[in-house]
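Okay, so here's the structure we're looking at.
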Amino acid sequence: MSGDSWAVSVDVQEASTACSQLDFLKKVDPCLPAGIRGTDINGNIEPQTDVSLGGGPPPDLAEQSLLNKLIRRSLVRNRNQVEVLQRDPSSPLFSVKTFEELRLKPELLRGVYCLGFNRPSRIQENALPMMLAQPPQNLIAQSQSGTGKTAAFSLAMLSHVKPENHWTQCLCIAPTYELALQIGQVMEQMGKFCPEVTLTYAVRGNRMQRGVRLQQHVVIGTPGTLLDWCSKYRIIDPKLISMFVLDEADVMIATQGHRDQSIRIHRLLPKECQMLLFSATFEDSVWGFAEKVVPDPNIIRLRREEETLDTIKQFYILCREEEEKFSALCDLYGGLTVAQAMIFCREGHQVALLSGELTVEQRADVIQRFRTGKEKVLVTTNVCSRGIDVEQVTLVVNFDLPVDMEGNADNETYLHRIGRTGRFGRRGFAVNMVDSERSMELIRQIERHFNRSISRLDPGSLQEMELLIS
Ligand SMILES: Nc1ncnc2c1ncn2[C@@H]1O[C@H](COP(=O)(O)OP(=O)(O)OP(=O)(O)O)[C@@H](O)[C@H]1O
């Protein structure tokens, strides 16, 4: 795939969607800062005409062509950058082996190459041989956000299924409806040359006839619905399940509701069922529990200092009070060339917010609009902190820092949130809004936990930041 054609297709996407970004942001705040403009169908920035900007002279042609060049360069650079990182032995994307050497079925190899994957990442190179080994081996695996865990366990399930057996053989549990759908989409793309393998989604809204056994080979869903399908509605025979995958396994084990349901499902499965647990974070207590539940597992674990990614630059902006956070956010967004951004805040903020209060259909629609670039900014709560994979997210803002029940920094949620950018080697920004001594202390806690500095950002120096990620 040539870089130019890729960049042009991004411009066209930008062109067809930028105006809706303005509408969306207008809902969020009418005084849009200068610098957010619509684009014409060729992806060129055009002077804003229909939204009252917060002042600023109309842009000149030179500024527009510079911005276009930056967008093209940074996006094309990201693609080249991924290949560079895959040749860097210290990168989590580096692997010695090729996909051929992982002994995947030819039709899966075709699916992988069709997705544009050239080489496996480290987690894929290490985990796939363990997951495909005979006799089956259990695995508890940790790898940084955006390094290909979903692709790894998806390939394991697609390799494991015996299509001639018309019953459910693989269960995959995810903590949220959006994530379950996303995993299924990855599997459908990877398995496009395996039409005989079928899957369905055990999520709210997907109604099945009770007592009629499913014939789909793979079922992906959230724990509550999956438990009902295995026990109450008996449309899955748990005794016939031979592979059980927990994505975001730490939250599936550590969150009371998820844990009870995951354990109840696990108890229904045959003891020889292969168990695969994946996450970017595992607190020590969770590791201990996982090793109790998973017999004789292979373990792939990161050192604490490996958990954050160098490709994600982390900053904080000092605000005097809560109200100032919003104008700082507008200045930040208006001053940067951001393809797409995710803004995390606690429940209750009065903006168009993707949160648990929406119905699952509403949430799926918002995510899909964001994924296809129809919306440039997603304001959300932790419901989207994990796993959501949108390549064009170059900026994550913690409008409110994540805290645990005791009011201390929630380091795992922080890591997952900033992991929504910098996906698979691309560069990304994470900016934290600090408006009090307390939130400054939270920043210090996060720095100490990951042994990574979070620099103060002066909104006046955005040009240098621009160069940092372009
Ligand atoms: N071998 C590969 N080569 C190129 N791109 C890849 C490869 N594996 C995965 N990707 C891409 O990288 C992105 C991140 O992959 P994936 O979602 O599997 O990461 P993850 O580790 O599951 O992330 P998270 O921890 O956030 O759940 C996706 O867009 C995926 O298509």
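With the cut-off at 21 Å, report for the range 177-288 the share of all Cα pairs above it, as a whole percent. Considering the range 177-288, 37 percent of its Cα-Cα pairs are separated by more than 21 Å.
Taking the Cβ of residue 250 as the center, what net charge do the other residues with Cβ under 10 Å away carry, scoring Lys and Arg +1 and Asp and Glu -1?
Values: positive: 386; negative: 248, 283, 412.
Result for the local shell: -2.
Working from label points 7 Å from Cα in the Cα-to-Cβ sense, the residue 101 to residue 264 distance is 4.6 nm. For residue 432, nonlocal amide neighbours, meaning residues 5 or more places apart or on other chains whose placed amide H falls under 5 Å from its own, are 315, 316, 317, 398.
Inverting the mean 1/r over all pairs of different Cα atoms, compute the Kirkwood radius of the range 111-205 and quote it in Å.
Values: mean 1/r = 0.0700 Å⁻¹.
It is 14.3 Å.
Note on residue 256 and residue 452: their simple-model spin labels are 3.1 nm apart, each label 7 Å out from Cα toward Cβ.
Electrostatic tally near residue 413: other residues with Cβ closer than 10 Å to its Cβ, Lys and Arg +1, Asp and Glu -1, net -1.
Considering only 449, 405, 436, the residue lying farthest towards the positive end of the dipole of the range 374-449 is 449, judged by Cα position with unit charges set on Cβ.
Highest mean first, the peptides 249-262, 215-228, 194-207 sorted by other C-beta atoms within 10 Å per residue fall in the order 215-228, 249-262, 194-207.
Rule-based calculations on the coordinates, nothing more; no lab input. From a predicted model like this one, the values you see are computed outputs, not experimental measurements. A quick note on method: Cβ atoms are made from the backbone with ideal geometry, for glycine too, and the neighbour counts reach across all protein chains shown.
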